[in-house]
2 protein chains.
Amino acid sequence: MTIKKLLKDIASLHETKQEIKGWITANRGNKKIRFIAVNDGSTFANLQVVAKAEMELDLELVDKARMGASVIIKGTLLHTPEGKQVAELVAENFEILKNTDEDFPLQKNGISREVLREIPHLRHRTNLFRATMRVRSTLAQEIHAHFADKGYLLAPSPIITGNDGEGAGEAFVVDDESKDLFFGKKATLGVTGQLHAEAYANGFGGVYTFAPTFRAENSHTQRHAAEFWMVEPEVAFADLQEIIRIADEMLKTVITKTIEKHEEEFTFLEKFVAPGLNEKLQSYIGQKLTVMDYADVIKELQKVSDRFDEKDIHFGIDLATEHEKYIAEEFVKGPVAVTNYPKDIKAFYMFQNEDGKTVAAFDLLVPGIGELIGGSQRECDYDKLVTRINEMGIDQEDLQWYLDLRRFGQGMSAGFGLGFERLVMYVTGVENIRDAIAFPRTPGKLMM
Amino acid sequence: MTIKKLLKDIASLHETKQEIKGWITANRGNKKIRFIAVNDGSTFANLQVVAKAEMELDLELVDKARMGASVIIKGTLLHTPEGKQVAELVAENFEILKNTDEDFPLQKNGISREVLREIPHLRHRTNLFRATMRVRSTLAQEIHAHFADKGYLLAPSPIITGNDGEGAGEAFVVDDESKDLFFGKKATLGVTGQLHAEAYANGFGGVYTFAPTFRAENSHTQRHAAEFWMVEPEVAFADLQEIIRIADEMLKTVITKTIEKHEEEFTFLEKFVAPGLNEKLQSYIGQKLTVMDYADVIKELQKVSDRFDEKDIHFGIDLATEHEKYIAEEFVKGPVAVTNYPKDIKAFYMFQNEDGKTVAAFDLLVPGIGELIGGSQRECDYDKLVTRINEMGIDQEDLQWYLDLRRFGQGMSAGFGLGFERLVMYVTGVENIRDAIAFPRTPGKLMM
């Protein structure tokens, strides 16, 4: 039985025979009695095993089981509500399936995150990554569950594409070993699944992607990686207000359910990683989302322009991370959807508002991260889109299939992109994207 | 309200005012009355809309709405159990949000699948792809739900890697535009997430990946694509028998739940795509999985060797697709797990059986497809693994981190890889992998 299940049903399992299989996280004691903490990955909590010489156990062997060793232990489970732990297993049989060599790097506590980044194949066996990666996994599973529940179709947007999405020129190039144009033309790793998701929303209604995306950006910030996962919902017949509501509802549902499932992980994260984390998340879940017009954000930023490195604040600028953080962290003190950005700083496909200056876009800014989500209502007027593409110098031929959606029944659509690792950072409180993904890829760095 | 919900609750919604938003799939009638079928993507079924001139509707406008046009229709919903359709919406307001241009390619029925492959951004609006892609999506969502329910962690194996997995040399190469070694070394698109999943299983217990994988194979068969999705569970402490049980349980659960959710899609697929499909699937779900030793398979194949193109059948050969299909389709007449393959035709990481000749591997062969799943118990003896790697001429340095798992507590592990598109083919009955993924990528072919 898993330790998770043993601990859950402990009251009814008192004095039953049990077998556990897991890895040692602590082993202390003397020649007569040893206390061994075992974690089997099913839950954040360890199970305490007590090995007594009087039980005819070979305590010299038990003593040899080092941190990280895999063990199979049989014994009697005791419910010990009065003790430090709620349960303990009194060992009757103790097998070391595989010990760790003496150079196992995780034998001491307090290893820095930077050092842990050098051993991504092992670091998930620390408390920090045991909590972060479990929360990450549940966030992903809850996102799928949420959209399944709402009837959304998981749209299989392609990874390898012949067009580079937003035209930012930061796409990786893909070819076979011979570099002989395997696909008969230049192929790149997609920077977004949105365009293809729009095609599927035009017929299926509500769809979403959940897939890796890639940027060959030579960026070394805490918030950028070359490989990351995106969730990109797209909803036909939705306008800007509706897609903001959909994003907010998804986030609140997914975060709520994840917190419910991981009390121990969040207790750990609150205590050792991000004090105030639980209050921050509960405050977001419990409140109506603040929506602010970009023009109003500019006015607020102008009032305190002295505090920024970027002091030249006027209608038309792209918000810097420091601006976004100020608005979320200090002005709103929580997540905020900023809407109706100037069209010249946004992508070609966004719905052009009647003012001729702005587009029906939104960015969801959150404390500690800045932009967590970017989305928009889409421009569905064929002629307006073509004009905009030409204005921006984007090659029309590559995107003709996308433009054609507007000739073939796509009347209204809206969607957003959620940077999944940024969500993991927001929810766990870890501050570096390299700690929110198992095997991070950044410029000059490709481990394992 | 979605059409799915309207139809589900039709009995209680009789004579209520409703609004639907969807796309026209048929529009026939005369100047006094028109019958318009509308699909909104929420369900395979269309809703029949009746537009009558007597309702003060502009039937000339209604007449102009072509196949594929997006429409917003308000009216009174009627429960019509005695009619051809169970429901109809008597229109009171009819808005064409966006019509289709006259060159919309899906106006006639019976377009060949080959022609449809040229318009992957539109073909999901045919019945065939509406059914296939909805089933595909539900299969994916049910896989996540199944593993979430079992407590498995979604392991974020990387896509871009520095090692090419099974050493088959069929990996795509990735770099930035300048081809300047963005990562400081050669980078490839992973052909498997297994090695990294093993690292995560060694600590988390049960994990799985669900991610795109890539092969730069110059293969033009119906079963191969350059980009496809894989599900790769990995379970610590599991042996061969246990991992076969886990694979079988997953398949049966996921297929059962998908069938339950898509009665209409399976009725369509049975009728128009793959007669016998439902019986085939029910037969698999209802029976105990057959397990056959590779050596016994060879004996059976030898008895009928004349019927194969590959007639030279002896212990040691890699099974050809024709062999696999014979065993599944004619000998077993259903899915079969073939176990204990000769070690020389299998990957280096598989557990070496005591006979010195075979490994604890299995392939799950299914009728119509051949190999659906490949898996194995992993060799966890460090020295045996190193010897095998050297025998096979694989570079040890690249894999040292993987070998080190065996020095750091990995005592036993087993896992498998499910080709997700092959599962879609098996469950929907479509025979070409290009019809099981939205935007297929094959040699020389990169559309959109």
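The values are calculated or read from the model by the stated rules, or taken from the named source; none is laboratory data. Computed from a prediction, not measured in an experiment: that's the story for all the values here. Note that we place each Cβ from the backbone using ideal geometry, even for glycine, and neighbour counts take in every protein chain shown.
Residue B:394 passes all but one of (1) crowded, with 21+ Cβ neighbours inside 10 Å; (2) more than 30 Å from the chain's Cα centre (by Cα); (3) among the aliphatic types (A, V, I, L, M); which number fails?
(1)
Can you report the number of residues in region A:297-318 which are without any contact (Cβ under 8 Å) to a residue 40 or more places away in the chain, touching a strand residue (DSSP E or B) at 6+ places or on another chain (Cβ under 9 Å) and under 25 Å from residue A:280 (Cα atoms)?
Matching residues across region A:297-318 total 1.
Report every pair of residues separated by at least 6 positions or lying on different chains whose Cβ atoms are under 7 Å apart, first residue within region B:330-347 and more than 21 Å from residue B:290 (Cα to Cα), second of a type in the set (Gly, Ala, Ser) and in a strand (DSSP E or B).
Pairs that qualify, where the first residue is more than 21 Å from residue B:290 (Cα to Cα) and the partner is of a type in the set (Gly, Ala, Ser) and in a strand (DSSP E or B), are B:346/B:361.
In region B:75-94, is there at least one residue being hydroxyl-bearing (Ser, Thr, Tyr) and within 8 Å of chain A (Cβ to nearest Cβ)? Please lay out each step first, then the result.
Looking only at region B:75-94, we keep the residues that are hydroxyl-bearing (Ser, Thr, Tyr), and these are B:76, B:80.
From the residues that got through so far, the ones that are within 8 Å of chain A (Cβ to nearest Cβ) too are none.
No, region B:75-94 contains no residue that is hydroxyl-bearing (Ser, Thr, Tyr) and within 8 Å of chain A (Cβ to nearest Cβ).
If residue B:245 satisfies every condition in (1) at pLDDT below 95; (2) closer than 23 Å to residue B:341 by Cβ; (3) surrounded by fewer than 17 Cβ atoms within 10 Å (Cβ to Cβ) but one, which is the exception?
(1)
Yes or no: residue A:389 outside any helix (DSSP H, G or I), aliphatic (A, V, I, L, M), more than 14 Å from chain B (Cβ to nearest Cβ) and surrounded by fewer than 24 Cβ atoms within 10 Å (Cβ to Cβ)? Quick ask: steps written out before the conclusion?
On the way: outside any helix (DSSP H, G or I): no; aliphatic (A, V, I, L, M): yes; more than 14 Å from chain B (Cβ to nearest Cβ): yes; surrounded by fewer than 24 Cβ atoms within 10 Å (Cβ to Cβ): yes.
Against the criterion (outside any helix (DSSP H, G or I), aliphatic (A, V, I, L, M), more than 14 Å from chain B (Cβ to nearest Cβ) and surrounded by fewer than 24 Cβ atoms within 10 Å (Cβ to Cβ)), residue A:389 does not qualify.
Just need a number here: residues in region B:338-388 that are within 21 Å of the chain's Cα centre (by Cα) and among the aromatic types (Phe, Trp, Tyr).
Number of matching residues: 1.
I'd like to verify a number: residues in region B:164-190 that are crowded, with 19+ Cβ neighbours inside 10 Å and at pLDDT below 85, how many?
Final tally of qualifying residues: 2.
Is there any pair with a first residue in region A:244-258 that is in the same structural domain as residue A:146 (by the TED database) and more than 20 Å from residue A:135 (Cβ to Cβ) and a second that is surrounded by 22 or more Cβ atoms within 10 Å (Cβ to Cβ) and among the basic types (Lys, Arg) whose Cβ atoms are under 6 Å apart and which are 6 or more apart or on different chains, and what are they?
From region A:244-258, no pairs qualify.
Would you pick out the residues in region B:365-397 that are among the hydroxyl-bearing types (Ser, Thr, Tyr) and in contact (Cβ under 8 Å) with a residue 60 or more places away in the chain?
Within region B:365-397, the subset among the hydroxyl-bearing types (Ser, Thr, Tyr) is B:376, B:382, B:387.
Once the filter is applied, which keeps residues that are among the hydroxyl-bearing types (Ser, Thr, Tyr) and in contact (Cβ under 8 Å) with a residue 60 or more places away in the chain, region B:365-397 yields only B:376.
Please indicate, with yes or no, whether at least one residue in region B:72-81 is over 33 Å from the mean Cα position of the chain (by Cα), farther than 30 Å from residue B:230 by Cα and at pLDDT below 95.
Checked region B:72-81: at least one residue is over 33 Å from the mean Cα position of the chain (by Cα), farther than 30 Å from residue B:230 by Cα and at pLDDT below 95.
Might you check whether a residue that is under 20 Å from residue B:268 (Cβ atoms) and crowded, with 18+ Cβ neighbours inside 10 Å occurs anywhere in region B:49-64? So that I can check it myself, show each step before the final result.
Within region B:49-64, the subset under 20 Å from residue B:268 (Cβ atoms) is none.
Taking every residue of region B:49-64 in turn, none turns out to be under 20 Å from residue B:268 (Cβ atoms) and crowded, with 18+ Cβ neighbours inside 10 Å.
Check off (1) crowded, with 23+ Cβ neighbours inside 10 Å; (2) among the aliphatic types (A, V, I, L, M); (3) in contact with a helix residue (DSSP H, G or I) (Cβ under 6 Å, 6 or more places away or on another chain) for residue B:71 and give me the number that stays unchecked.
Only one criterion in (1) crowded, with 23+ Cβ neighbours inside 10 Å; (2) among the aliphatic types (A, V, I, L, M); (3) in contact with a helix residue (DSSP H, G or I) (Cβ under 6 Å, 6 or more places away or on another chain) is unmet by residue B:71, namely (3).
Among B:374, B:409, B:368, B:417, which is in contact with a Gly (Cβ under 6 Å, 6 or more places away or on another chain), over 22 Å from residue B:213 (Cα atoms) and among the small types (Gly, Ala, Ser)? Explain how you work it out, then say what you get.
On the way: B:374 fails: over 22 Å from residue B:213 (Cα atoms); B:368 fails: in contact with a Gly (Cβ under 6 Å, 6 or more places away or on another chain); B:417 fails: over 22 Å from residue B:213 (Cα atoms).
After ruling out the rest, the residue left standing is B:409.
Name the residues in region B:398-448 that are part of a loop (DSSP other than H, G, I, E, B), touching a residue at least 12 places away in the same chain (Cβ under 8 Å), over 30 Å from residue A:40 (Cβ atoms) and not small (Gly, Ala, Ser), would you?
Of all residues in region B:398-448, those part of a loop (DSSP other than H, G, I, E, B) come to B:406-407, B:409-412, B:429-432, B:436-441, B:443-444, B:446-448.
Checking which are touching a residue at least 12 places away in the same chain (Cβ under 8 Å) leaves us with B:406-407, B:409-412, B:429-432, B:436-441, B:443, B:447-448.
Narrowing the set further to residues that are over 30 Å from residue A:40 (Cβ atoms) leaves B:429-432, B:436-441, B:443, B:447-448.
Scanning region B:398-448 gives B:430, B:431, B:432, B:437, B:439, B:440, B:441, B:443, B:447, B:448.
Which one of these is in contact with a strand residue (DSSP E or B) (Cβ under 8 Å, 6 or more places away or on another chain), assigned by the TED database to the domain that holds residue B:424 and basic (Lys, Arg): B:34, B:125, B:28, B:66?
Details: B:34 fails: assigned by the TED database to the domain that holds residue B:424; B:28 fails: assigned by the TED database to the domain that holds residue B:424; B:66 fails: assigned by the TED database to the domain that holds residue B:424.
The conditions single out B:125.
If residue B:435 meets every condition in (1) within 18 Å of the chain's Cα centre (by Cα); (2) within 14 Å of another protein chain (Cβ to nearest Cβ); (3) farther than 23 Å from residue B:119 by Cα apart from one, which number is that one?
Tallying (1) within 18 Å of the chain's Cα centre (by Cα); (2) within 14 Å of another protein chain (Cβ to nearest Cβ); (3) farther than 23 Å from residue B:119 by Cα, residue B:435 fails exactly one: (3).
With respect to residue A:106, determine if the residue is touching a residue at least 40 places away in the same chain (Cβ under 8 Å), within 9 Å of chain B (Cβ to nearest Cβ) and in contact with a Lys or Arg (Cβ under 8 Å, 6 or more places away or on another chain). Lay out the reasoning, then the answer.
Values: touching a residue at least 40 places away in the same chain (Cβ under 8 Å): no; within 9 Å of chain B (Cβ to nearest Cβ): yes; in contact with a Lys or Arg (Cβ under 8 Å, 6 or more places away or on another chain): yes.
Criteria not met by residue A:106.
Consider only pairs whose beta carbons are under 6 Å apart and that are at least six residues apart or on different chains; among these, list those whose first residue lies in region A:37-50 and is within 12 Å of chain B (Cβ to nearest Cβ) and touching a residue at least 60 places away in the same chain (Cβ under 8 Å) and whose second residue is of a type outside the set (Phe, Trp, Tyr) and in a strand (DSSP E or B).
From residues that are within 12 Å of chain B (Cβ to nearest Cβ) and touching a residue at least 60 places away in the same chain (Cβ under 8 Å), the pairs are A:39/A:22; A:39/A:25.
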